[in-house]
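The values are calculated or read from the model by the stated rules, or taken from the named source; none is laboratory data. Model, not experiment: these values are computed from the prediction. No Cβ is skipped: glycine too gets one built from the backbone with ideal geometry, and neighbour counts run over all protein chains shown. We work out accessible area using only protein heavy atoms, side chains counted, and drop any ligands, DNA or RNA first. Shrake-Rupley method; radii C 1.70, N 1.55, O 1.52, S 1.80 Å.
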Amino acid sequence: MKKTLVFIFVLFFFATAQAQDRRSGKPWLTRSEVIAQHGMVCSSQPLATQVGLTVLKKGGSAIDAAIATNAALGLMEPTGCGIGGDLFAIVWDAKTQKLYGLNASGRAPQTANIAYYKSKGFDRIPGRGPLAVTVPGCIDGWFELHQKFGVLPIGEVLQPVIDYAENGFPLSPIIGSDFGRSVDGFAKLFPNVKETYAPNGEHWDKGDVFRNPMLGKTLRLLIEKGRDEFYKGSIARTIDEFMQSQEGLLRYEDMAAHTSEWVEPLGTNYRGYDVWELPPNGQGIATLQMLNILEQCDMQSFGFGSLEHMHYFVEAKKLAFEDRARYYGDPRFVKIPVKELISKEYAKKRFTEIDPRRASTAPKPGDPPTSNDTVYLTTADRDGSMVSLIQSNFGGMGSGMVPPGLGFMLHNRGDSFSLDENHSNALMPGKRPMHTIIPAFITKDGKPFMSFGVMGGDFQPLGQVQIVLNIVDFGMNAQEAGDAPRINHTGSSSHRGGGPAGGGNVVLENGYSPEVIRQLLGMGHKIEYGFGHSFGGYQAIQYDAERNVYLGASESRKDGCAMGY
């Protein structure tokens, strides 16, 4: 009886919860899009957004603004990103009228191998501590992007962040709460965490003024001495000495050998819109696979929140993620049939595996013919260039490893590797792990339409697909598309290895019809209610070519905002 009453309450909550009444827009719309002519920045922290906008107003490019915003987020939202992590970006360059992709993810240390971890008794790489650390690629990514597309000197780009690091800033509500819990937890386990993030024993919360002068000093070193100071200079040597003291595997030689990679974005056409992702070692092609499968449905006639919309979405996700678990990895180490996986023919074949009346309980990967926390930001400038950038420390603040005096934590991206020798994402020396962080971009008729992303670990392809459906099929604007209630699905085969998790659970935000939920239950779907981090974080800039204006949207579930001028 108690479970029934709880379920009835949840159904009522789903049906009734929505934003306050507005004169126009969908019931869930929280605010208007921000519309501007000359430039736009959207991020998950208002002060970081302002930093990027300041750089644009000084004459900086979209890349300059993106680097500045990312640097500010590393200071202001260290629970999601920082210079100890990795970076991916898609850039629309107005001068060449072309998309460029950058993979700035780091590799496993040369001494890291499966036998070492198994000799220590691990059946998976520990998510915290020195053994989870791979080479951080963010800084090299900044300098690669700046060299190719930057306009202002790097000193002018980073100076506003240095000012905030030295003088302080008030923590925003959601970040402040997460930061307080993270610092309290990490400080009990690892050295230098308290020295860097709570030198006076602070317990952080919203409104508290945080300073990180050590990070400011590190940024000044980068301005003065350049990219190599991080990978071949004093910063690299400090990281090496610290990791040795903690019995970690990352060494100076691993840092010195690091390079980013310029890559060609991969796309698929979804009902006249070209959706672009970066190739593996990321999971971006899962978005393309899902869209190709869902293109077989008449989503527009189904309608948002309909039984068909929700059922086919979840089933397409299951199929794409089984392929993700089987095939995705670092293409330098494993052959990935990317062209075949994102082909329309393969999607048609996979679509026939969906039962329109029943949830699948044991999805399997296909056979194509051969031939936890992150920040996402987007910027646009007066010349028409746009940047889609995502950057992460992976699990919350990262590994817990804070090299002394540098002001940042190293990421724990090594936790993504599998210790199964036969898995496509198996750990090997110098290999890049399968990444969850994926920037996205949409063009139409060869011109920019929207730069967007949805952070949130495994959820990111699901979030991106929902944004595309909301705009293309359901006619929403950029802000409505982000505010709409989301669907998550947990329980697919893992990119770390292991067998299928059965049919998994459908996790819903409030706003879906109780009648549809009952029907989904009758089809065998397991339904849960969720909120917060499980539904990611979205930012977007849409370009209106007819009016020559930008329309910015920002995640209502987080602290951030869109700003333009």
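So, by mean Cβ neighbours within 10 angstrom, what's the order for 131-140, 199-208, 298-307 with the highest one leading? Spell out each step's value before the answer.
On the way: 131-140: 27.6, 199-208: 12.4, 298-307: 15.4.
The most tightly packed comes first, giving 131-140, 298-307, 199-208.
Annotation: per residue accessible area for the chain equals 37 Å², rounded to a whole number [probe 1.4 Å, protein chains only].
Counting only residues at least eight positions apart within a chain, or on another chain, the lysines with an alpha carbon under 22 Å from that of Lys26 are Lys558. Computed from backbone phi with θ = phi - 60° and the Karplus coefficients 6.51, -1.76 and 1.60, the 3J(HN,Hα) list for the range 388-398 is 10, 10, 10, 8, 8, 9, 6, x, x, 6, x Hz; x is used for glycine and proline.
In whole angstrom, note down how far apart the Cα centers of the range 131-183 and the range 368-422 are. Using only Cα atoms to place each centre, the spacing works out to 13 Å.
With r defined as the distance between the Cβ atoms of Asp420 and Lys348 and R0 fixed at 30 Å, what FRET efficiency is calculated, to the nearest 0.05? Efficiency for this residue pair is about 0.45.
Between Ser234 and Lys57, the FRET efficiency estimated from the beta carbon spacing at R0 = 35 angstrom works out to 0.55. Of the peptides 274-280, 449-455, 60-66, the order by per-residue mean of other Cβ atoms within 10 Å, starting with the highest, comes out as 60-66, 449-455, 274-280.
Could you tell me the center-to-center distance, by alpha carbons, between the range 194-244 and the range 259-299 in angstrom? Rounded to whole Å, the Cα centres lie 36 Å apart.
Heavy-atom surface analysis with a 1.4 Å probe gives the range 71-192 a carbon and sulfur content of 53 percent of its accessible area.
Just give me a number: lysine pairs in the range 108-263, eight or more positions apart or cross-chain, with C-alpha atoms less than 24 Å apart.
Details: Lys120/Lys188; Lys148/Lys225; Lys148/Lys232; Lys188/Lys206; Lys194/Lys206; Lys194/Lys217; Lys217/Lys225; Lys217/Lys232.
Lysine pairs meeting the criterion: 8.
Under 5 Å between amide hydrogens, built in the peptide plane, is the criterion, and for Val549 it picks out Asp544 among residues at least 5 positions away or on other chains. Within the straight-line cut-off of under 20 Å between alpha carbons, the lysines reachable from Lys444 are Lys95, Lys98, Lys344, sequence neighbours fewer than 8 places apart in one chain being disregarded.
How much of the accessible area of the range 387-497, in percent, comes from carbon and sulfur atoms when a 1.4 Å probe is used?
Values: 880 of 1790 Å².
Summing carbon and sulfur atoms, their accessible area is 49 percent of the total for the range 387-497.
Highest mean first, the peptides 545-557, 81-93, 435-447 sorted by other C-beta atoms within 10 Å per residue fall in the order 81-93, 435-447, 545-557. For the chain, the Kirkwood radius over C-alpha pairs fed into Stokes-Einstein at 20 °C and 1.002 mPa s yields D = 91 µm² per second.
Out of every Cα-Cα pair in the range 301-346, what percent are more than 16 Å apart? Provide the component values of the computation, followed by the final result.
Working: 549 of 1035 pairs.
More than 16 Å apart: 53 percent of the Cα pairs in the range 301-346.
For Lys348, the lysines whose Cα falls under 22 Å of its own Cα, not counting residues fewer than eight places away in the same chain, are Lys317, Lys318, Lys339, Lys364.
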